[in-house]
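K.L.:
Quick one: the structure is below, and I'll ask about it shortly.
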Amino acid sequence: MRHVKAVQITAPCRAEIIEVEMPTLEPGEVRVQLQKTCLCGSDIPFFAYDQQRLANEGKLNASGHIDYSKSSVYPLPVGLSLHECVGVVAESASDKFKPGDFVLGLPFNQYGFFEYLTLPDCRVFPLPEGPVSKEEILLAQPLGTLLYGFRMMPDITGKTVAVLGQGPIGLMFNALLKLRGAARVIGIDRLEARSEVGRALGADHCINASGEKALESVANLTDGKMADVVIEAVGHGELAFNEAIDLTCQEGLLFAFGVVDTEYVDHYAFGKAFYKNLTIKHTVGAKDEGYFVEAARLIAEGAVDLKPLLTHSHPFSDAQGAYERFVDRQDGAIKVVIDFEG
């Protein structure tokens, strides 16, 4: 039986490398040897949250990743959590791919922290080899989720758009918004270090503030009108959605992209949104090939330059360090690559 190395979270803030059996390759499946991967904000809860304590408090994870029938929720399932992955086809039982093809592999439900991913060919997408680095083309996965979400956006030509949260997703939104014709992009984040990157990615104004200070700054920039469109790119338990409501103009659009910890947060300011006549849209679950292929094209052709996001790299053998750097934002970390080739 062949074995493959994988990562398993065995306790809060503890990731260990283990070996597990490699699944049999079935007809229509592709085995991808990972080369470059990247951590995402949606991976944070599995590493950083004390899932046992939350379970004891009755705050269960509705996503179904955790087995609550056991006395202990740890260790978490093998391979959780990673989903931004590129590599080469090592074996193929599909007529769509052959060994050596450079591809993006999209794991199911973020179970992607393995040396090799075995996936149905509908979750494997071809990527261009060059002219940009593998690390840059890796960002086609998160950028593809933005393109998927943009199908629900109105025409933003000439609009003022505020992007709440200047982490990796918010910064990508800056670039995409300018590409799509936004007249003014306002980046908002609590971390001053991200302002410079925000400008490099297309923000016309960068606000280092939150709450009332951010509200006052946007009001000043818009003569009191507030933003035509607000993109909430924070998510998790910070309830930035409520702040986004305040930042949106009367009859404006609030676009909720950040993954919210709905199991732990239940105090949305629905009344404010109601009396502002806001349009609120949500997006999650991108898995269509076209969006990822288009994202890869935009990156490869230089339509968007996402290199400033790539701040750090760790070898697969230091998965623990990669998680820590990303979660704690050490040394100004934005996108932390995990290098399976290093």
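K.L.:
What residue, of Ser72, Ser94, is touching a strand residue (DSSP E or B) at 6+ places or on another chain (Cβ under 8 Å) and in a loop (DSSP other than H, G, I, E, B)?
P.N.:
Going through Ser72, Ser94 in turn, the sole match is Ser94.
K.L.:
Of the residues Tyr148, Tyr116, which is hydroxyl-bearing (Ser, Thr, Tyr) and in the same structural domain as Gln330 (by TED's automatic domain parsing)?
P.N.:
After applying the criteria, what remains is Tyr116.
K.L.:
Restricting to region 89-117, give me the number of residues that are within 18 Å of Gln141 (Cα to Cα) and either over 22 Å from the mean Cα position of the chain (by Cα) or of a type in the set (Lys, Arg) (or both).
P.N.:
Residues meeting the conditions: 2.
K.L.:
When you go through Phe150, Phe173 one by one, which is the residue that is within 23 Å of Gly332 (Cβ to Cβ) and among the hydrophobic types (A, V, I, L, M, F, W, C)?
P.N.:
Just a single option satisfies the conditions, and that option is Phe173.
K.L.:
Now a separate question. Need a quick list: helices (runs of 4 or more DSSP H) entirely within region 224-342 having at least 3 residues that are outside the structural domain of Ile207 (by TED's automatic domain parsing) and touching a residue at least 24 places away in the same chain (Cβ under 8 Å). Can you show your working first?
P.N.:
Working: elements: 240-247, 270-275, 289-300, 319-328.
Qualifying helices (runs of 4 or more DSSP H): 289-300, 319-328.
K.L.:
To continue, here is another question. Looking at the structure I just gave you, is Gly237 at pLDDT 95 or above and surrounded by fewer than 18 Cβ atoms within 10 Å (Cβ to Cβ)?
P.N.:
no
K.L.:
Still on this model: Applying the selection to region 267-326, what residues are within 17 Å of the chain's Cα centre (by Cα) and basic (Lys, Arg)?
P.N.:
Lys287, Lys307, Arg325
So that you can scan it fast, the table gives a plain yes or no per residue for (1) surrounded by 18 or more Cβ atoms within 10 Å (Cβ to Cβ); (2) out of contact with any helix residue (DSSP H, G or I) (no Cβ under 9 Å at 6 or more places or on another chain); (3) modelled with pLDDT of 95 or more; (4) closer than 23 Å to Pro154 by Cβ:
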{"residue": "Ala273", "(1), (2), (3), (4)": "yes, no, no, yes"}
{"residue": "Tyr291", "(1), (2), (3), (4)": "yes, no, yes, yes"}
{"residue": "Asp305", "(1), (2), (3), (4)": "no, no, yes, no"}
{"residue": "Asp339", "(1), (2), (3), (4)": "yes, no, yes, no"}
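K.L.:
Are there any strands (runs of 3 or more DSSP E) wholly within region 103-207 with 1 or more residues that are over 18 Å from Ala296 (Cβ atoms), modelled with pLDDT of 95 or more and in contact with an Asp or Glu (Cβ under 6 Å, 6 or more places away or on another chain), and if so which?
P.N.:
Those strands (runs of 3 or more DSSP E) span 116-120, 160-164, 184-189.
K.L.:
Mind checking which residues of region 180-192 are surrounded by fewer than 16 Cβ atoms within 10 Å (Cβ to Cβ) and over 19 Å from Glu212 (Cα atoms)?
P.N.:
Of everything in region 180-192, those that are surrounded by fewer than 16 Cβ atoms within 10 Å (Cβ to Cβ) and over 19 Å from Glu212 (Cα atoms) turn out to be Arg180, Gly181, Ala183.
K.L.:
Let me ask something else. I'd like the full set of residues that are among the acidic types (Asp, Glu) and part of a helix (DSSP H, G or I), limited to region 208-223.
P.N.:
Glu212, Glu216
K.L.:
Which of (1) farther than 15 Å from Glu26 by Cα; (2) within 19 Å of the chain's Cα centre (by Cα) is the odd one out, the single condition Val124 does not satisfy?
P.N.:
(1)
The values are calculated or read from the model by the stated rules, or taken from the named source; none is laboratory data. What you see is a predicted model; the values in this text were computed from it and never measured. Please note: Cβ atoms are built from the backbone with ideal geometry, for glycine as well, and neighbour counts cover all protein chains shown.
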